[in-house]
Each structure stands twice: as structure tokens, then as C-alpha cells.
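These notes concern the structure reproduced below.
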Amino acid sequence: MYEPSRVLASFYVAGFQFGEGALVLGDLTVGARLEMVLEPDNPHDPSAIALRFAGKRIGYIPAEHNELFATMLYYGHADALECIIQQVSPERSPWHQVRAAVYIADARSVQQ
């Protein structure tokens with residue numbers, strides 16, 4: 001059966017060069033899940049969503065992608081979203097070292 005893509009947004013992690021990403025860069029792997037944490041008091045963006053791995057803030061979902069996801073997180077729909085690492089390129093500039101995507105979680109039962 002054809003399965004449409006579940007990707008809602010794909011992006012390079014914003015602010016990676018300013019976060020704690022360098023501390024965990026060697027541990028980041030394709031397919032690893034990132035925790036999405038709202039930062040409504042962020043002075044730069046009230047819809048800011050920090051991305052965390054192993055308790056470290058590695059950066060943010062870029063502002064051009066975060067408003068809908070921030071609304072969903074705010075209203076308790078975090079289980080509907082997954083943020084997963086798509087690419088890790090330590091040799092690239094910090095702006096392009098980690099690519100991630102937000103997916104809609106598949107809540108369908110495995111037994112259909």
C-alpha cells in the first residue's frame with residue numbers, strides 16, 4: 001500500500017553554532033529523536049521551539065517553520081509530532097551540520 005510522506009517540515013537546525021550541539025555532535029545519528037521544547041519567553045521569537053538531545057539544547061526549529069508546531073505543542077498535542085535527525089555532517093559549517101525534520105506521528109494501530 002502506498003504511504004504518503006509524513007514529513008511536515010525539513011530544515012537545518014537553527015542556532016546550532018550557539019547551542020550545546022558541539023558537546024553532543026559525535027553522538028548525533030540519523031534517525032535519532034530530538035525533544036521539542038517550547039520557549040514562549042524567548043526574546044527573539046515567542047513561537048521558539050528549542051531542540052534538545054541528551055538534555056542539551058542543540059538549537060531551534062527555524063522561525064519560518066515553528067508557528068504551527070508551537071501552537072500544537074502549546075495546546076498539548078506533542079504526541080502528534082516527532083522531530084528526527086535526517087543528516088549529520090560534522091565537516092560542514094555549524095549552520096549546516098545537522099538537518100532534522102518534523103513528522104506527524106503515525107497513531108494508527110499496527111494491527112489493521
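Overview of results
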read-out: Residue of PRO43, PRO94, PRO62 that the Gaussian network model of the chain assigns the largest fluctuation, springs spanning Cα pairs under 10 Å; value: PRO43
read-out: Cβ-based exposure ranking for SER89, SER10, SER5, in which fewest neighbours within 10 Å come first; value: SER5, SER89, SER10
read-out: GluC sites (Glu not before Pro) restricted to DSSP loop in the range 46-112 with at most 13 other C-beta within 10 Å; value: GLU91
read-out: Fewest-first sequence of HIS65, HIS44 by Cβ atoms within 10 Å of each Cβ; value: HIS44, HIS65
read-out: Cubic angstrom per residue, convex hull over Cα atoms of the range 23-82; value: 95 Å³
read-out: Length gained when the stretch ASN42-ARG92 is fully extended (0.36 nm per residue, less Cα-Cα span); value: 15.2 nm
read-out: Stokes-Einstein translational diffusion, the chain - Kirkwood Rh over all Cα pairs, 1.306 mPa s, 10 °C, in µm²/s; value: 110 µm²/s
read-out: Acute angle (nearest 10 degrees) that the helix 63-74 long axis makes with the longest principal axis of the chain, alpha-carbon atoms; value: 60 degrees
read-out: For the chain, with +1 on Lys and Arg beta carbons and -1 on Asp and Glu, the positive-most of TYR60, GLY19, VAL88 along the dipole; value: VAL88
read-out: Residue exposure sequence - LEU68, LEU8, LEU51 - by fewest surrounding Cβ within 10 Å; value: LEU68, LEU8, LEU51
read-out: Cβ charges +1 (Lys, Arg) and -1 (Asp, Glu), total dipole of the chain, debye; value: 240 debye
read-out: Stretchable slack from TYR75 to ARG108, in nm (0.36 nm times residue separation minus alpha-carbon distance); value: 9.8 nm
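The numbers here are math on the coordinates, done by the rules we state, and not lab data. Because the structure is a prediction, the values reported are computed rather than measured. Neighbour counts are summed over all protein chains in view; Cβ atoms, including those assigned to glycine, are modelled from backbone coordinates with ideal geometry.
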